[in-house]
Amino acid sequence: MPNFDPNLYNRDGFHPLPGLLAEADVHRAVEFFDRLDGAAEVPPSYEAEYDEGDGLRRLRKLRRLLWNDPQIWGPLLNRAGVPALAREVIGEDAAVVFHAAFLKPALVGTEVALHQDQALWSHQYPKAFSVWFALTEVSPANGGLFGSRGSHGGGHIPHRARPSYRWHDSLDAAEDGLDEPVQFRLAPGDGVMWDRYFAHGSAANTSPRDRRGMVVVLADASSPEFRAKDSFPLADLAALGAG
């Protein structure tokens with residue numbers, strides 16, 4: 001299991017997970033996304049989103065990775081120790097509810113405004129947490145990834161529309177009384193996990209280097225509040241093995 005301190009996670013709302021993915025798995029993931037980014041057409045089942053500008057059209061987001069390619073992603077998530085983290089935070093009734101790529105392409109990658117994941121989801125996901133995997137270097141130079149320490153503590157914070165931002169409603173750290181966001185500086189293979197109410201985001205990528213990441217979200221499928229468009233039980237994930 002990855003090195004995990006529940007007290008740190010509960011206090012801050014997030015937990016660094018250095019060296020989460022092996023180098024070979026980083027390469028597998030990057031090659032997979034490179035193929036789709038270069039494809040003439042992406043299958044609709046990935047629910048792709050794009051960033052565009054200056055004559056470029058690059059993949060921004062891909063969804064439902066585990067459901068589209070379980071034999072690729074199941075073993076990778078198992079090798080990274082995701083089931084062990086799920087058992088620690090949620091228990092045996094954990095289920096994957098989202099698995100997506102955030103590809104923030106060079107030059108045209110758009111920002112992701114500060115937000116809490118649960119505020120953007122159409123269902124309540126009890127005990128949900130995200131594991132975010134860096135597939136490239138991640139720093140402010142290429143859009144980065146940041147979050148407000150302790151922002152999970154009060155639960156849901158009302159989000160607001162911003163005229164200049166088209167993707168979703170968002171927060172403002174100063175206006176909402178949150179700590180100044182801290183930057184996560186990650187090497188390929190590093191990870192970060194966070195609570196469903198942890199406020200986080202990223203800046204635009206105007207650099208010549210892609211900033212690629214992948215996220216998996218797990219929730220408590222045993223809760224009476226649990227509803228999900230997609231649900232991949234922990235037992236089914238474990239059955240895919242690590243080979």
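Points to keep in mind about this one:
- Positive-pole candidate from L171, N7, A161, dipole of the chain, charges at beta carbon: A161
- A simple count of charges around H15, restricted to other residues whose Cβ falls under 13 Å of its Cβ and scoring Lys, Arg +1 and Asp, Glu -1, yields -3.
- Each other residue within a Cβ distance under 11 Å of Q124 adds +1 if Lys or Arg and -1 if Asp or Glu, for a net charge of +1.
- Straight-line cross-link reach from K104 at under 22 Å between alpha-carbon atoms covers these lysines, not counting any fewer than eight positions away in the same chain: K61.
- Electrostatic dipole magnitude of the chain [Cβ: Lys, Arg +1; Asp, Glu -1; Cα centre; debye, to 20]: 220
- Selection from Q124, S202, T136 lying farthest towards where the dipole of region 100-243 points positive, charges on Cβ: T136
- Label-point gap, in nm, between V182 and Q124 - each point 7 angstrom along Cα→Cβ: 3.0
- The value for region 1-131 of Rg(Cα) / (2.2 N^0.38 Å) is 1.16.
- In the complete set of protein chains, residue-level accessible area for D172 is approximately 60 Å², probe 1.4 angstrom.
- Counting Lys and Arg as +1 and Asp and Glu as -1 over every other residue whose Cβ lies under 12 Å from the Cβ of A187, the net charge comes to -2.
- Three-way shape label, region 121-243, alpha-carbon gyration tensor, a/c 1.5: oblate
- Accessible area of region 167-243 belonging to carbon and sulfur atoms, whole % at 1.4 Å probe: 49
- Global form of region 124-171, assessed from the alpha-carbon gyration tensor, a/c cut-off 1.5: oblate
- Ordered by 1.4 Å accessible area with all protein chains kept, R196, R28, R63, R211 run largest first as R28, R63, R196, R211.
- Ligands, DNA and RNA are left out, and with a 1.4 angstrom probe the accessible area of the chain is 45 Å² per residue.
The values are calculated or read from the model by the stated rules, or taken from the named source; none is laboratory data. In this text the structure is predicted, and so the values were computed from the model without any measurement. Note that we place each Cβ from the backbone using ideal geometry, even for glycine, and neighbour counts take in every protein chain shown. Side chains are part of the model used for accessible areas, which takes the heavy atoms of the whole protein and leaves out ligands, DNA and RNA. Shrake-Rupley method; radii C 1.70, N 1.55, O 1.52, S 1.80 Å.
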